[in-house]
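Contents: one structure, followed by commentary.
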Amino acid sequence: MISFLFKGLLRDRTRSLFPLLTVLSGVVLTVFLHAWLNGSISSLIQSTAHFSTGHVRVMTRAYAKESGQIPNDLALLGIDTLMAELKAEYPDLLWTPRIKFGGLLDIPDAKGETRAQTPVSGLGVDLLAPESPEWRVLNIRQAIVKGRVPSHHAEVLIGEDLAEKLRVQPGDTATLISSTMYGSMSVANFVIAGTVRFGIVAMDKSTVIADLSDVQQALDMQRGAGEIFGFFADDLYHEERGDAVTLDFNRRHAFSPKDTLAGDASFSPVMGTLRTESGLADYLDYVGVFSGVIIGVFVAAMSIVLWNAGLTGSLRRYGEIGIRLAVGEDKTHIYVSLLAESLMIGFIGSVLGTLVGLAVAYYGQVKGFDIGSVLKESTMMIPSLIRARITPTTFVIGFLPGLLATFLGTAISGIGIYRRQTSQLFKELES
Amino acid sequence: MENSVLIRTHDLDKIYSLGLTDLKALDRITLSVARGEFVGFVGPSGSGKTTLLNIIGSLDVPTSGSAEVLGRRIESLSHKESAGLRNRHIGFIFQTFNLLPVYTVYENVEFPLLLQGMESSRRKQLVGDALEWVGLADRADSRPAQLSGGQSQRVAIARAIVKQPEIVLADEPTANLDAANSHHIMKTMAQLNEDLKTTFIFATHDEKVIGYLKRKITLVDGKIAKDETVEKTTAG
Ligand SMILES: Nc1ncnc2c1ncn2[C@@H]1O[C@H](COP(=O)(O)OP(=O)(O)O)[C@@H](O)[C@H]1O
Ligand SMILES: [Mg+2]
């Protein structure tokens, strides 16, 4: 019986082609959008982790309260013990200290007078140790545009766009004017070793990356760091493990109310996760909801189209249905067979749509889509090249609207057949 | 003989309500049809022939009175039971839209057997026999659109008899056919009636059909006006 229906579908193009195309296009869009959403979210998360919050990060309680202001006067001190503890207790994460700071970059001319000056956002990371996780985390070697990676103290990397704006080359000197953690003015001279492009507008336009020890010295933060980042080895954010580590760490470093009164609490370390620290928490929740909404919209839109197609289709098929009733097919059976037919179409359309959608998504994954011009003034940690990302879900997500919409569309349009008396139906069909 | 009666109606009424008024399409029809009959409901258009045929075929139900077909009370069958009755025991032939256009002649005739869930070698044999009967064995792979009107109607006859039903109901089967084709299909059905003892019931006002009937039940305004047995059959 199934093959009988299938033959009919294949031969009757008007019955199969239009619904198939509807399903196909809906599924292609769903698959593609899903991959796209995936891609932009995961790169947003990734770059936020790399540059802003790590997968988890440790700060002093006081620093944590206003971490957006980068209050280096409240930085962690004596980080060696803390680093040792983190590495020992949570060896599955890579731990690396960072100092973020703001300052002015001053470019001197031949006579030593200021030729150009601009505010920059600085990042002190461990650049000189060969085993530093930053090589992997920041992917510095790939990011180099001109020059080389720093190999000595007092060498820095600056964003390629910043270098262009200041018209500086590798080998030029630059003076960084900032303030120490105790509030006095700090002036340090650096040599530009190379320029970098991370593909994040906010970074490439304003970042200076220096070795941690140089920054510690310049800002008078010996053995200190504003934050210690922890990264999962696979560079993916694992929410459960992150929460567990955070909970465990914070329990170890919990302070009793008595200690709080003594005033020690503000400088004790506290850990936070990417989710809470980045302010992406709500955003990430939205993404889940949003994916659901997208699929819901497609299901609804496609169902309506298919419902209408089903209605005109069953008008066209009145004769057929009349014959089938007369030959002795039960109307329930007819209704079920209409559903079976539509599920076949839904299935085939979903398979084809998924294939096409994956092909487009794959192109988007390899090629990416440049939104740099949109982000010109952006300070968001969004890469200017957004890539689609195919995950296992991408392979199955299209079947949801594909099958559900054909099923709903036919179920609704076919209800007329089901609800009416056979005789009534037959009369209508006859006339 | 009492046990050879296939169809029995008693005081059967069919009333259509047309908004404010009612239309009595069938009025106290009492009749019986025995196995092997070749009988027709004749009468002018609107006299209730189709309505009566559809009730006997369990496509419709009486408003009051009873209709018993093959021992089943039509008025109390569920839609599943009535579908089963049609599928196994009653073949239909209509004036129009007789064939499923996307299927071949073979598949059209096979369809009732597929519904019965019959296994394929038996299906093949029965479909072959039925097409042989109506003289269309060589057109098994054609589509309905490729057939003439007469050929289409013969496929419909093959589909009606393929399941070897007790009863075949034919509603104006010659309405769209020329004289030659009308006689051709009537002869085919008369032959089937002779050879297989299949009971045929027609609804018609076509004199060509009436000429083949062995019994004429004349309906006028939903009432049986005359019920006569014809002594000799005119063949052609
Ligand atoms: N579904 C219906 N609703 C209302 N009236 C109907 C319906 N079907 C048939 N009739 C009426 O019942 C009467 C008998 O119709 P029918 O059985 O089709 O006659 P015949 O087949 O003899 O031409 C006609 O007056 C017709 O208009
Ligand atoms: Mg009629």
Checking B:R35 against (1) within 16 Å of ligand 1 (Cβ to nearest atom); (2) touching a strand residue (DSSP E or B) at 6+ places or on another chain (Cβ under 8 Å), the condition it does not meet: (1)
Can you list residue pairs whose Cβ atoms sit under 6 Å apart, with the first residue in the range A:75-91 being more than 20 Å from A:R61 (Cβ to Cβ) and the second being of a type outside the set (K, R) and surrounded by 10 or more Cβ atoms within 10 Å (Cβ to Cβ)? Count only pairs 6 or more apart in sequence or on different chains. A:K87/A:W95
Out of (1) within 12 Å of chain A (Cβ to nearest Cβ); (2) small (G, A, S); (3) within 30 Å of B:V42 (Cβ to Cβ), the odd one out for B:G117 is which? (3)
Filtering the range B:93-130 down to residues that are assigned to a helix (DSSP H, G or I) and of a type in the set (S, T, N, Q), which residue is surrounded by the most Cβ atoms within 10 Å (Cβ to Cβ)? B:N108
Of the residues that make up the range B:89-97, is at least one without any contact (Cβ under 8 Å) to a residue 24 or more places away in the chain and either out of contact with any His (no Cβ under 6 Å at 6 or more places or on another chain) or away from ligand 2 (no atom under 13 Å from the Cβ) (or both)? yes
Is it the case that the range A:35-44 has a residue that's within 30 Å of A:L343 (Cα to Cα) and surrounded by 22 or more Cβ atoms within 10 Å (Cβ to Cβ)? yes
Among all residue pairs at least 6 apart or on different chains, which show Cβ distances below 9 Å where the first residue, located in the range A:1-28, is within 14 Å of another protein chain (Cβ to nearest Cβ) and in contact (Cβ under 8 Å) with a residue 12 or more places away in the chain and the second is loosely packed, with under 13 Cβ neighbours inside 10 Å and not in a helix (DSSP H, G or I)? A:M1/B:G117
Please give the number of the condition A:V145 fails out of (1) surrounded by fewer than 16 Cβ atoms within 10 Å (Cβ to Cβ); (2) touching a strand residue (DSSP E or B) at 6+ places or on another chain (Cβ under 7 Å). (1)
Any residue in the range B:207-217 that is out of contact with any His (no Cβ under 8 Å at 6 or more places or on another chain), farther than 26 Å from B:S4 by Cα and either within 16 Å of ligand 1 (Cβ to nearest atom) or more than 14 Å from chain A (Cβ to nearest Cβ) (or both)? yes
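Residue by residue, here is whether (1) closer than 23 Å to A:M221 by Cβ; (2) within 33 Å of the chain's Cα centre (by Cα) holds:
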{"site": "A:G103", "(1), (2)": "yes, yes"}
{"site": "A:K111", "(1), (2)": "no, no"}
{"site": "A:A116", "(1), (2)": "no, no"}
{"site": "A:I144", "(1), (2)": "no, yes"}
{"site": "A:S179", "(1), (2)": "yes, no"}
{"site": "A:Y182", "(1), (2)": "yes, no"}
Looking at the range A:322-343 only, could you name the residues that are under 24 Å from B:A170 (Cα atoms) and more than 9 Å from every other protein chain (Cβ to nearest Cβ)? A:I334
Suppose we keep only residues that are within 14 Å of chain A (Cβ to nearest Cβ) and farther than 17 Å from B:F41 by Cβ within the range B:6-24. Which one would you say is nearest to ligand 1 (Cβ to nearest atom)? B:Y16
Of A:T96, A:T114, which residue is under 19 Å from A:V208 (Cβ atoms) and modelled with pLDDT of 90 or more? A:T96
Only one of A:G288, A:G319 is among the small types (G, A, S), within 14 Å of another protein chain (Cβ to nearest Cβ) and over 30 Å from A:L82 (Cβ atoms), namely A:G319
By my count, helices (runs of 4 or more DSSP H) wholly in the range B:131-236 with at least 3 residues that are surrounded by fewer than 20 Cβ atoms within 10 Å (Cβ to Cβ) and in contact (Cβ under 8 Å) with a residue 24 or more places away in the chain are B:179-196
Only residues that are surrounded by fewer than 18 Cβ atoms within 10 Å (Cβ to Cβ) and β-branched (V, I, T): list them for the range A:334-345, please. A:V336
Take B:T104 and tell me if it is within 13 Å of chain A (Cβ to nearest Cβ), free of Cβ contacts under 8 Å to residues at least 60 places away in the same chain and not acidic (D, E). yes
Of all residues in the range B:89-98 being more than 7 Å from chain A (Cβ to nearest Cβ) and either modelled with pLDDT of 90 or more or in contact with a Leu (Cβ under 7 Å, 6 or more places away or on another chain) (or both), the one that is nearest to B:L177 (Cα to Cα): B:I93
One residue from B:E68, B:E110, B:E81 being modelled with pLDDT of 95 or more and at the interface with another protein chain (Cβ under 10 Å from one of its Cβ atoms): B:E110
Kindly check whether there is at least one residue in the range B:144-165 that is away from chain A (no Cβ under 14 Å) and within 25 Å of B:A34 (Cβ to Cβ). no
Give the range A:287-310 a look and list any residue that's farther than 15 Å from A:L400 by Cβ and in contact with a Pro (Cβ under 6 Å, 6 or more places away or on another chain), or say none. A:A309
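The values are calculated or read from the model by the stated rules, or taken from the named source; none is laboratory data. If you're wondering where the values come from, they're calculated on a predicted model, not measured in any experiment. Positions of Cβ are backbone-derived with ideal geometry, glycine not excepted, and every protein chain shown enters the neighbour counts.
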